[in-house]
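Here's the structure, in structure tokens; my notes come after.
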Amino acid sequence: MAKRMRLDKLLANMGFGTRSEIRRAVKQGRVTVDGAVVKDFGLQLDPEAAAVQFDGEQVVYRETIYVMLNKPQGVVSATEDTRDRTVVDLLEQGDRVLQPFPVGRLDKDTEGLLLLTNDGKLAHELLSPKKHVPKTYEALVHGDVGENDRAAFADGVTLDDGYETMPAQLVIGPKEARGEEGVFSQITLTIHEGKFHQVKRMFEAVGKKVVYLRRISMGPLQLDPSLPLGEYRPLTDEELTMLQSVHRAED
């Protein structure tokens, strides 16, 4: 049986105004359904099949939203904040109306991949400690990262609160000497949990400091290299299918 919905509810859910504003617009003849002007804001219709226009703009019905954001520095991973801009503030109004939220968090000064959705089940699966969904980061570290650090991370390191991390995979990249500042190392790190400030604290545990951090993957989802900082795009069908496969994996 096809899903039925009131016209005013459909338009309100898709961000075209408050119920009272929409009812007034319908009465003014500004809304068409399947090419015909309608004046009944309580009209029941199939939101996926009906061709609805508001002031000539096509109304596209969506219940869920899945977007990839390339998070910039200076923005917090929250739905609202009294002091700082949030990742939700970076979305257009038509996407914010679906009430997406960030899946997990990136620190305010961390860049890179962040998934936003209103699919609570998928978010739960991706964040579940039982799943150990891998997350990969690129970082610039102040210090000479070497084989001892790679081995330590492979065994798991003890953080400042006594927590011992799961084994993590550290790949050491190019290094640069900056005079009196010392050596800076480029690294790639894959972790399998999500403790607060974990990457930074892991390097602190081996006497080094992360000065730049960017997440490039979460589970099977890879950051689109063509996506500029601060921009976002919907997930492709293939990306969504890969993410949804996470919940079918064995714990």
Checklist entry - Where in the range 102-176 are there chymotrypsin sites (Phe, Trp or Tyr not before Pro) that are in a DSSP coil and have at most 16 other Cβ atoms within 10 angstrom of their Cβ? => result Tyr163
Next on the checklist: What is the distance in Å between the Cα centroid of the range 78-100 and that of the range 186-244?
Outcome noted: 20 Å
Checklist outcome for this item: Mean-square fluctuation maximum in Gaussian network of the chain, Cα pairs under 10 Å, restricted to Asp109, Asp40, Asp161, hits Asp161
Checklist outcome for this item: Between Thr18 and Glu180, the two model label points (7 Å from Cα along the beta-carbon direction) sit apart by a distance in nm of 6.2 nm
Checklist entry - Taking a threshold of 30 Å on the Cα-Cα distance, which of the pairs Lys9/Lys195; Lys27/Lys121; Lys121/Lys195 fall above it? => result Lys9/Lys195; Lys27/Lys121
Checklist entry - For the range 93-251, what is the convex hull volume of the alpha-carbon atoms per residue, in Å³? => result 137 Å³
Checklist entry - Roughly to the nearest percent, how much of the accessible area of the chain is carbon and sulfur, given a 1.4 Å probe? => result 48 percent
Checklist entry - Using 1/(1 + (r/R0)^6) with R0 = 25 angstrom and r between the beta carbons of Tyr61 and Asp89, what's the FRET efficiency to the nearest 0.05? => result 0.55
Checklist entry - Let a ≥ b ≥ c be the square roots of the eigenvalues of the Cα gyration tensor of the range 60-142; is it rounded (a/c under 1.5), or, if not, prolate (a/b larger than b/c) or oblate? => result oblate
Item to check | Mean residue ellipticity (222 nm) of the chain, computed from DSSP H runs ≥ 4 via -39,500 (n - 2.57), nearest 500 | outcome: -5500 deg cm²/dmol
Next on the checklist: Accessible area per residue for the chain in Å², computed with a 1.4 Å probe and the full protein assembly in place, what is it?
Outcome noted: 54 Å²
Checklist entry - At what distance in nm do the modelled label points of Asp34 and Thr190 sit from each other, each positioned 7 Å from its Cα along Cα→Cβ? => result 5.2 nm
Checklist outcome for this item: Length gained if Gln244 through Arg6 is fully extended, taking 0.36 nm per residue and subtracting the Cα-Cα distance, is 82.6 nm
Checklist entry - Taking Lys71 as the anchor, which lysines have their alpha carbon closer than 16 Å to its alpha carbon, excluding any fewer than eight residues away along the same chain? => result Lys108, Lys135
Next on the checklist: Please return the longest range in the chain lying between exposed loop sites, taking GluC sites (Glu not before Pro), DSSP loop only, at most 10 other beta-carbon atoms within 10 Å, and leaving the sites out.
Outcome noted: 93-249
Checklist outcome for this item: Sorted by accessible surface (1.4 Å probe, heavy atoms of the protein chains only), largest first, Lys9, Lys208, Lys71 come out as Lys9, Lys208, Lys71
Item to check | Those lysines that a straight Cα-Cα span of less than 19 Å connects to Lys175, excepting residues fewer than 8 apart in one chain | outcome: Lys200, Lys208, Lys209
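The values are calculated or read from the model by the stated rules, or taken from the named source; none is laboratory data. No experiment lies behind these values; they were computed from the predicted model shown. As a convention, Cβ positions derive from the backbone with ideal geometry for all residues, glycine included, and neighbour counts pool all protein chains shown. The accessibility values were calculated without ligands, DNA or RNA, using every heavy atom of the protein model including side chains. Shrake-Rupley method; radii C 1.70, N 1.55, O 1.52, S 1.80 Å.
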